[in-house]
Amino acid sequence: MYQLDGCVGDPRIPGTLHYRSEISSNCYEETVMGIGNAVSVYSSSEEFPVWGFGAKFGNKIRHIFQCGPTATAKGVDGIIDHYRSVFRTDLIMSGPTDICQVIKKAAARAQNFHSNSIDEKMMKYSVLLILTDGSVYNFEATEALLHKYAKLPLSIIIVGMGRADFSAMQGLERAASKKLTFVPFRSHQHDPQSLTRAALRNFQDQFVEYFLTNGMYP
């Protein structure tokens, strides 16, 4: 599952975070390709929902919306295609950075995985990757959701893009580190492998703990 923030400037203007030239990818695409390729090998279907937030459609702010023409994208290349398709619409970038709706959406999907795992002994697990240039809006509500869904088969990775003050995101990680990992892109922007390692540093322990806690073994 991939969640892309929309409030980072017009993608058609050089210098904005979503801008992509004809010969190079932007930082969002680089992040999706790096982390996505590392995670997608564990998916048998390689079907991934791609959601956006922080944008206006029809003069209404959307805190979650589908990216692309279909509910899921096929593989990492499909994720990139769905992401790019958004900028061919009448989308207008808008804040705030409210990630509550996407966490709820991801948690609902993970809840289905949890039910199947318990009832049918099917080992399914979700990773929600959120890319955002803004600090978290409504810290307390977001923290409450993370604690509420902590026992689900769901790991959340947030990558902070750009030069924003991400101290609140770091505080959120400290408050809910059991299932959330925060990584600032700028600290790894010249080393994609380092970014991927940092983003997935907690994933193995989270994955193993969930299945062992629920009495399931590979």
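Check whether at least one residue in segment 41-58 is of a type in the set (D, E) and open to solvent by less than 40 Å² (accessible area, probe 1.4 Å), and report yes or no.
Among the residues of segment 41-58, not one is of a type in the set (D, E) and open to solvent by less than 40 Å² (accessible area, probe 1.4 Å), which makes the answer no.
Working carefully through the options S115, S135, find the one that is out of contact with any His (no Cβ under 9 Å at 6 or more places or on another chain) and part of a loop (DSSP other than H, G, I, E, B).
Just one listed residue meets the conditions, S135.
Determine if segment 6-24 includes at least one residue that is part of a loop (DSSP other than H, G, I, E, B), polar (S, T, N, Q) and modelled with pLDDT of 80 or more.
no
Residue check, T181 against (1) of a type in the set (S, T, Y); (2) out of contact with any Asp or Glu (no Cβ under 9 Å at 6 or more places or on another chain); (3) open to solvent by less than 20 Å² (accessible area, probe 1.4 Å), all met but one. Which one?
(2)
Considering only segment 185-212, how many residues are open to solvent by 40 Å² or more (accessible area, probe 1.4 Å) and without any contact (Cβ under 8 Å) to a residue 40 or more places away in the chain?
Residues in segment 185-212 being open to solvent by 40 Å² or more (accessible area, probe 1.4 Å) and without any contact (Cβ under 8 Å) to a residue 40 or more places away in the chain: 11 in total.
Evaluate segment 118-128: report whether one residue or more is in contact with a Lys or Arg (Cβ under 9 Å, 6 or more places away or on another chain) and open to solvent by 30 Å² or more (accessible area, probe 1.4 Å).
no
Given the options L200, L128, L212, L180, name the one that is under 22 Å from S43 (Cα atoms) and over 14 Å from the mean Cα position of the chain (by Cα).
So the residue among L200, L128, L212, L180 that is under 22 Å from S43 (Cα atoms) and over 14 Å from the mean Cα position of the chain (by Cα) is L212.
Only one residue in A164, A144 is within 19 Å of D98 (Cα to Cα) and free of Cβ contacts under 8 Å to residues at least 12 places away in the same chain, so which one is that?
Within the list A164, A144, the selection yields A144.
Of everything in segment 157-175 that's open to solvent by 10 Å² or more (accessible area, probe 1.4 Å) and of a type in the set (A, V, I, L, M), which residue is nearest to V32 (Cα to Cα)?
This residue is A164.
Give the number of residues within segment 166-185 that are under 15 Å from A199 (Cβ atoms) and in a helix (DSSP H, G or I).
Looking only at that region, the number is 4.
Of all residues being assigned to a helix (DSSP H, G or I) and hydroxyl-bearing (S, T, Y) in segment 186-218, which is nearest to Y149 (Cα to Cα)? Just the residue, please.
The selected residue is Y210.
Filter segment 59-101 down to residues that are open to solvent by 80 Å² or more (accessible area, probe 1.4 Å) and in contact with a strand residue (DSSP E or B) (Cβ under 8 Å, 6 or more places away or on another chain), then give me how many there are.
Count: 6.
Can you name every residue in segment 49-103 that is at negative phi, assigned to a loop (DSSP other than H, G, I, E, B) and under 15 Å from the mean Cα position of the chain (by Cα)?
Correct list: P49, H63, I64, C67, T72, T97, D98, I99.
Quick check on T142: is it among the β-branched types (V, I, T) and closer than 30 Å to M216 by Cα?
yes
The values are calculated or read from the model by the stated rules, or taken from the named source; none is laboratory data. Small disclaimer: the values here were computed from a predicted structure and weren't measured. Counting neighbours? That spans all protein chains shown, and the Cβs are built from the backbone with ideal geometry, glycine included. Keep in mind that these areas ignore ligands, DNA and RNA; they rest on the heavy atoms of the full protein, side chains included. Shrake-Rupley method; radii C 1.70, N 1.55, O 1.52, S 1.80 Å.
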